[in-house]
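One structure below.
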Amino acid sequence: MKLYARLLGYLRPYVWPRGVAMVACMLCFSGIESSVPFIVRYAIEQVLVAGQTQLVPVLAAGVVGLSLVRGLLEFAGNYLSDWIGQRVVTDLRKQLAARVQTLDVAYVNKTRAGQIVSRVTADSMLVRQALTDAVKSIFKDSTTLIGLVIVAVYMDWVLAVLGLVVLPAAAVPIRLLSTRLRQQTRRQQQEVGRLNAMLHENVQGNRVVKVFGKERYEAQRIGKQAELVFRIFMRTSRLRSFPVAEIVAGLAMAGVFWYGAGTRTAGNLGAFLVALALLYEPFKKLVKTNYAIQQGLAGADRIFALLDMIPDVRDRPDARPFPGVGEGIRFERVEFAYDAGVPVLHGIDLEIPAGSVVALVGESGGGKSTIADLIPRLYDVTGGRITIGGVDIRDVRLAELRAHIAVVTQFTFLFNDTVRANIAYGEPERPLEEVIAAARAANAHEFIERLPNGYDTQIGDLGVRLSGGQRQRLAIARAILRNAPILILDEATSALDTESESLVQDALERLMVNRTTVVVAHRLSTIRRADAIVVVAGGRIVERGRHEELLARGGEYRQLYDRQFGAEEVSAERAQGT
């Protein structure tokens with residue numbers, strides 16, 4: 001009940017005036033429906049039995065008028081119900097979308113995108129049925145049922161008892177079916193989420209699928225999941241469609257007809273049977289409404305689980321404004337673990353002076369990118385602290401901290417939008433002149449001008465219509481336009497060819513001017529001029545110094561250098577030999 005009460009809270013903003021108008025329409029509809037048995041009895045007794053045929057035109061006109069009013073009331077009630085329902089769905093989706101923005105990176109990395117999307121889309125529609133359809137049914141079908149029960153008792157209380165005694169017997173199977181339906185719906189939504197996730201991955205990885213010739217494999221994999229969803233849906237359908245109400249109604253009608261055929265007049269028996277038939281229609285709808293509520297509660301479970309999720313990385317109650325870079329960034333005995341008990345970083349002490357360029361190098365998996373991710377608080381440290389301007393970054397307002405940091409990574413995420421919108425991401429009001437200036441500084445203006453629509457060219461999902469170097473230069477232009485004092489470059493040139501790397505490196509050097517920069521590098525040739533090079537291995541800092549110093553020591557950095565450049569020399573010799 002607490003879960004459903006929470007759902008009903010989403011109707012509160014729309015109670016007046018549309019909610020009240022909807023209820024009024026439903027109540028009037030119920031009143032008209034309850035009057036039908038009296039009209040039927042009057043028609044049978046006065047026209048068919050008494051032979052007063054002059055009443056036929058009047059009765060016919062009355063029926064037409066009543067049907068018209070009934071239809072208009074139903075139309076208005078349904079329209080208002082749909083309007084309120086869609087507003088509730090929209091409110092829920094906006095809340096969910098806002099919550100998704102606050103989710104921890106750790107949670108997003110562990111959860112498939114399709115599962116999250118399914119909660120925002122499919123689950124919210126189930127909740128809509130549980131809310132507005134249920135409320136509409138309560139005010140329309142419940143009042144109609146009550147009205148017709150009163151009419152049936154008024155007409156013939158003996159027949160009414162005989163016709164209604166079977167209703168309580170339906171409670172047990174309905175309860176059992178409701179429990180099973182809620183369980184099956186929850187599983188159905190989970191599997192729909194998995195199907196969405198598969199489709200999302202398939203679309204994003206379309207090029208890999210084609211290159212490896214795995215179209216049939218992907219089609220079979222997704223088809224298998226679709227079949228599973230189908231089977232679960234049909235189980236749900238069987239539970240929802242089981243004819244409990246129809247069986248009860250049939251037994252009641254048969255009992256009333258059997259008992260009343262020889263003891264009641266045709267008018268009374270006919271009118272009572274009509275009342276009973278009308279009565280069981282709202283009863284059947286209420287049963288279906290109960291099933292809709294159970295399905296909606298299954299969706300609500302998943303929605304509220306997401307809405308109630310409290311991110312680990314969030315503002316402290318007394319969070320303060322960004323203090324400025326000050327003397328720089330400092331790591332003080334920093335410990336970190338993605339999973340409890342499995343440390344990734346061990347006692348990191350690192351100073352990044354304001355305005356300097358510090359490079360993090362080492363073998364893959366050593367912890368370089370993790371160190372960089374801790375600065376904008378994509379994760380929070382599990383031990384020690386990180387300060388900027390002498391202030392622990394956990395004491396700084398998260399939005400302000402990130403507003404002063406620009407990031408360019410190896411995997412450049414671009415939106416399926418125009419070039420201009422991607423450079424001026426989140427700031428559509430930025431003048432085109434500023435966007436162009438940023439693109440020029442990123443060595444991107446020339447290739448943008450050659451695109452079909454220049455800065456208004458749509459670049460496709462993840463910028464698929466651009467080359468790797470072009471995508472990277474757009475990301476650099478975006479960082480330049482952001483004009484943040486702290487810059488993080490995470491393997492920003494590692495996946496580029498020589499020509500693209502040269503253009504990107506030139507753009508990066510412009511971007512780093514007068515900024516406090518952390519460079520995570522695989523190619524050592526890109527960081528020779530760094531103010532300090534920090535070698536990370538096994539989650540620890542094992543060496544630090546300038547390029548020449550580290551080479552002279554002959555330690556870990558020297559080994560990295562020899563392995564990388566030795567391999568490059570062998571490749572060059574082979575190329576010359578061919």
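The values are calculated or read from the model by the stated rules, or taken from the named source; none is laboratory data. On a predicted model such as this, the values are computed, not experimentally measured, just so you know. Cβ coordinates were reconstructed from backbone atoms using ideal geometry, including for glycine residues, and neighbour counts include every protein chain displayed. Accessible surface is based on the protein model in full, side chains and every heavy atom, while ligands, DNA and RNA are left aside. Shrake-Rupley method; radii C 1.70, N 1.55, O 1.52, S 1.80 Å.
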- Take the alpha-carbon centre of the stretch 424-472, take the same for the stretch 513-550, and report the distance between them in whole Å. 30
- Scattering curve values for the stretch 239-386, log₁₀ I(q)/I(0), Debye with Cα scatterers, q = 0.10, 0.13, 0.17 Å⁻¹: -0.61, -0.80, -1.04
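Would you please give the FRET efficiency between residue 301 and residue 208, computed as 1/(1 + (r/R0)^6) with r the Cβ-Cβ distance and R0 = 41 Å, to the nearest 0.05? Write out the running numbers ahead of the final one.
Details: r = 35 Å, r/R0 = 0.86.
After rounding to 0.05, the efficiency reads 0.70.
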- Message: Over the stretch 160-292, what portion of Cα pair distances is larger than 25 Å, expressed as a whole percent?
- Response: 52
- For helix 20-43, report the angle its Cα long axis makes with the longest principal axis of the Cα atoms of the chain; keep it between 0 and 90° and round to the nearest 10°. 30
- Cubic angstrom per residue, convex hull over Cα atoms of the stretch 76-123: 51
- Using the alpha-carbon centroid of each, what span in Å lies between the stretch 249-292 and the stretch 150-227? 30
- Note on the structure: Here, residue 98 and residue 82, labelled 7 Å along Cα→Cβ, have an inter-label distance in nm of 2.8
- Query: What whole-number value in Å² describes the accessible area per residue of the chain for a 1.4 Å probe?
  - Reply: 51
- By accessible area with a 1.4 Å probe, ligands and nucleic acids excluded, highest first: order of 346, 547: 346, 547
- Which Cα, out of 237, 518, 219, lies furthest along the positive dipole direction of the chain (beta carbon charges, K/R +1, D/E -1)? 237
- Message: Given the DSSP H assignment, sum -39500 (n - 2.57) over each helix run of at least 4 residues in the chain and divide by its residue total; what's the result at 222 nm in deg cm²/dmol, nearest 500?
- Response: -19000 deg cm²/dmol
- Item | Longest to shortest principal axis, alpha-carbon extents of the chain, angstrom | 118, 56, 53
- Message: I'd like the FRET efficiency for residue 72 and residue 228, computed as 1/(1 + (r/R0)^6) with the beta carbon distance as r and R0 of 45 Å, rounded to 0.05.
- Response: 0.50
- Message: Loop only by DSSP, 11 or fewer other Cβ within 10 Å of the Cβ. Give me the chymotrypsin sites (Phe, Trp or Tyr not before Pro) in the stretch 262-346 that pass, ordered by residue number.
- Response: none
- Sorted by accessible area (1.4 Å probe), largest first, how do 285, 224 line up? 224, 285
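With only Lys, Arg, Asp and Glu charged, each at its Cβ (+1 for the first two, -1 for the last two), find how big the charge dipole of the stretch 74-225 is about the Cα centre; round to the nearest 20 debye.
On the way: 22 positive and 12 negative charges, 194 e Å.
I would put it at about 940 debye.
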- Task: List, largest first, the extents of the alpha carbons of the stretch 397-486 along their principal axes, each in whole Å.
- Result: 42, 27, 20
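Based on a Kirkwood Rh over C-alpha pairs, give the Stokes-Einstein translational diffusion coefficient of the stretch 64-155 at 4 °C and viscosity 1.567 mPa s in µm²/s.
Result for D is 80 µm²/s.
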- Query: Gain in length, residue 397 to residue 432, computed as 0.36 nm per residue apart minus the alpha-carbon separation, to one decimal in nm?
  - Reply: 9.6 nm
- Message: Between residue 309 and residue 58, what is 0.36 nm times their sequence separation minus the Cα-Cα distance? Round to one decimal in nm.
- Response: 84.0 nm
- residue 409's amide H: which non-local residues (gap 5+, or another chain) put their own amide H closer than 5 Å, with H modeled 1.01 Å from N in plane and none for Pro or chain starts? 490
- Sorting 56, 256 on solvent-accessible surface, 1.4 Å probe, most exposed first, gives 56, 256
- residue 440 and residue 562 label points (each 7 Å along its Cα→Cβ direction) are spaced in nm at 4.8
- Message: Can you tell me what share of the DSSP beta bridges in the chain is antiparallel? A percent to the nearest 5 is fine.
- Response: 50
- Task: First compute the accessible area of the chain with a 1.4 Å probe, then give the percent of it belonging to carbon and sulfur atoms.
- Result: 58
- Message: I'd like the trypsin sites (Lys or Arg not before Pro) in the stretch 301-335 restricted to DSSP loop residues with at most 16 other Cβ atoms within 10 Å, sorted by number.
- Response: 314
- Note on the structure: What one gets for the stretch 1-131 as the Kirkwood radius, inverse of mean 1/r over different Cα pairs in Å, is 18.7
- Message: Here is the link list: 2/288; 94/210; 2/94; 210/368; 224/284; 110/224. Which ones come out longer than 26 Å on Cα distance?
- Response: 94/210; 210/368; 224/284
